[in-house]
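Notes follow once the structure below has been shown.
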Amino acid sequence: MMIEILISVLLLTASIVVLLASIGLLRLPDLPTRMHATTKSGVFAIALIMLAVALYFARVDITARVLAIITFTFVTAPIAAHAIGRAGYLSGVKLWSKTVRDDLKDYYNEKDTDSS
Amino acid sequence: MFEWVIEIVYLLLSVSLLLAFVRLAKGPSLPDRVVALELIASIVAGMVGVHAIDTGISAYLDIAIVLAITAFLAAIGFARFIQVRGMHDD
Amino acid sequence: MIGLFWNLLLANCWVFLTGSFGVLNYLFGFLMGYVVIALIHKRVPALEGYPQRLPRFFRFFGFFVWELLLSNYKIAVDIVTPPWHMQPGVIRYKLFAKTDLEITLVSNFISLTPGTLVLDVSEDKTTLFVHAMFLRKEEEVLADLRNLELRILEVIR
């Protein structure tokens, strides 16, 4: 009974996190802020759900598989986010109009003036 | 009680799938769509986990593993593609 | 790294000698190996500093989970309430990390903390370009990043 309550709490938290992430994906104004909403929440939710799965089955082989999934997502999600964010930035996606500052633009401008 | 929790979780995940799909269809630029696609992959992997709990069949977890791997590869591939192609109208 | 290798070797020895192959027994062997290394590490220069690493790792793990929860909550509040409180922007962050592995780990963890996202690394590998969501006080964001980086370096160095 205790374990069922724990699993329920984990699953509900995960689904609420995912729901917030998708609301954020819909509402937020530009690419980097949208990625803030999705990448971490996706990883977090998968970790929570997989923990619930491990608790539910309570078997060694399942737990090993669950740990593999969690580690894999934790390693790959930031790499994918970095790749997409960089590619999007370089291909000229506009940042939000209220963005406070943009040091990366300065950096690329400096580099262009250096090389030319 | 527990069945109800599973139902609610399915419902919430489906709603978020729908919202992410709206962003996938709307997305002003290709990177936005890729981000939405990645979130969809995460949601589906989560759904597979919930389904494994629901049915009690642990073999479904393999699907989640494959899904996580392919989502990562797709994201990297799209990133390369965007970088090479530059900015056009989508 | 060499300490971890010796620890795994000792764990393997334990499993083979006891002859029961199970995860629990392996973990127990690992624990025993860890205790042995903790006892002798002062006399063997190659093992220096290995036993302090495990508690540091757990401290970092706890810190990171706490940070994850806290900033997830912050972003969630901003997403749900209609007016935007955020002030996004891209800032420079000078790295302490030197090698490629350290830079990869540090930027991965910075990307995993909600509210910060690594967009690019400068070509001379000294600066990260971090997209931060709450840039009200830049010094605070930079101090948080520095804290995270120092904790990671403490574990892997």
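Here is how the numbers come out for the structure above:
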item: Computed E for residue B:55/residue C:23 - FRET, C-beta separation, R0 41 angstrom, nearest 0.05; result: 0.95
item: Solvent-free Debye scattering, log10 I(q)/I(0), computed from the Cα coordinates of the range C:46-106 at q = 0.19, 0.27 Å⁻¹; result: -1.01, -1.11
item: Dipole magnitude of the protein assembly as shown about its Cα centre (Cβ charges: Lys, Arg +1; Asp, Glu -1), debye to nearest 20; result: 460
item: Tilt relative to chain A, helix A:103-115 - C-alpha long axis, 0 to 90 degrees, to 10; result: 50
item: Kirkwood Rh and Cα Rg combined as Rg over Rh, evaluated for chain A; result: 1.16
item: Residue-averaged beta-carbon neighbours from other chains (10 angstrom radius) around C:83-93; result: 6
item: Entries of A:40/C:137; A:94/C:137; A:40/C:42; A:94/C:74 with Cα pairs more than 30 Å apart; result: A:40/C:42
item: Kirkwood hydrodynamic radius over Cα pairs of the range C:72-157, then Stokes diffusion coefficient at 4 °C and 1.567 mPa s, in µm²/s; result: 96
item: With 5 Å bins from 0: P(r) over the range C:2-47, alpha-carbon pairs, percent; result: 6, 26, 30, 19, 11, 6, 2
item: Rh (Kirkwood; distinct C-alpha pairs) - the protein assembly as shown, Å; result: 22.1
item: Chain C, Cα convex hull volume normalised per residue, Å³; result: 136
item: Candidates C:63, C:109, C:28: whichever shows maximal mean-square fluctuation once chain C is modelled as a Gaussian network with Cα springs under 10 Å; result: C:28
item: CD proxy at 222 nm, helix term only [per DSSP H run n ≥ 4: -39500 (n - 2.57); per residue of the protein assembly as shown; nearest 500]; result: -26000 deg cm²/dmol
item: Rh by Kirkwood over Cα pairs, then Stokes-Einstein D for the range B:1-56 at 1.306 mPa s and 10 °C, µm²/s; result: 132
item: DSSP-assigned coil residues among trypsin sites (Lys or Arg not before Pro) in the range A:54-100, each with at most 12 further Cβ atoms within 10 Å; result: A:59, A:94, A:98
item: Acute angle (nearest 10 degrees) that the helix A:60-90 long axis makes with the longest principal axis of chain A, alpha-carbon atoms; result: 10
item: Alpha-carbon Rg with Dmax, taken over the range C:1-89, Å; result: 21.2, 65
item: In degrees, nearest ten, helix C:2-18 long axis to first principal axis of chain C (Cα); result: 50
item: Chain C: most fluctuating residue of C:77, C:23, C:118 per GNM, C-alpha cutoff 10 Å; result: C:23
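Coordinate-derived values only; no laboratory data. What you are looking at is a predicted structure, and each value in this text was computed from that prediction instead of being measured. Counting neighbours? That spans all protein chains shown, and the Cβs are built from the backbone with ideal geometry, glycine included.
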